[in-house]
Amino acid sequence: MIEKVNDINLVLPFIKKYFPNYIVENSPYEKMFCYKEGDNIIGFISYSVIYERAELNYIVTDEQYRRKGIGQKLLDYAIEDLKNNMVENFSLEVNVNNKVAIKFYLKNKFEIKATRHNYYVDGDAYLMVREVR
């Protein structure tokens, strides 16, 4: 089941497991949702919405639950939320070497628009964008 995250402290241990450098910003533009099975958090998505644009901050599924459609459900939920809020474009950055993620995003109508050189400490990122409408 997908739930809105109202208290970041409840999902912070899960987030830190996959993103050790995650910094809590409490941005009024950020929306966060988690996928739970019982009381266990097994997926998480975070994106920021500013006017007609949105940017994916994080999406992750617990390792033992990967390839079961949870990431897809989270992304579908986010896109539906963005449609309901009149967002036009959804963008993200992904490491050029993360072939699994790139394939997932391409399947979900994101297009590679540019390469951001030295975006990560260890390499480049693709800027990927999709229309939401």
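The values are calculated or read from the model by the stated rules, or taken from the named source; none is laboratory data. This structure is a prediction, so every number in the text was calculated from the model and none was measured. With ideal geometry, Cβ positions are generated from the backbone for all residues, glycine too; neighbour counts draw on all protein chains shown.
What to note about this one:
- The set of residues in the stretch 17-32 that are modelled with pLDDT of 90 or more and not aliphatic (A, V, I, L, M) comprises LYS17, TYR29, GLU30, LYS31.
- Pairs where the first residue, in the stretch 69-91, is in contact (Cβ under 8 Å) with a residue 60 or more places away in the chain and the second is among the hydroxyl-bearing types (Ser, Thr, Tyr), C-beta under 6 Å, 6+ apart: LEU74/TYR35
- Residues satisfying the stated conditions in the stretch 41-55, i.e. free of Cβ contacts under 8 Å to residues at least 60 places away in the same chain and in contact with a Leu (Cβ under 6 Å, 6 or more places away or on another chain): GLY43, ILE45, TYR47
- Residues within the stretch 120-132 that are more than 27 Å from GLY69 (Cβ to Cβ) and either polar (S, T, N, Q) or modelled with pLDDT of 95 or more (or both), tallied: 1
- Taken together, the residues in the stretch 14-23 that are assigned to a loop (DSSP other than H, G, I, E, B) and either hydroxyl-bearing (Ser, Thr, Tyr) or over 21 Å from ALA54 (Cβ atoms) (or both) amount to 3.
- Condition check for TYR58 on (1) under 17 Å from TYR126 (Cα atoms); (2) modelled with pLDDT of 95 or more; (3) not small (Gly, Ala, Ser): one failure, at (2).
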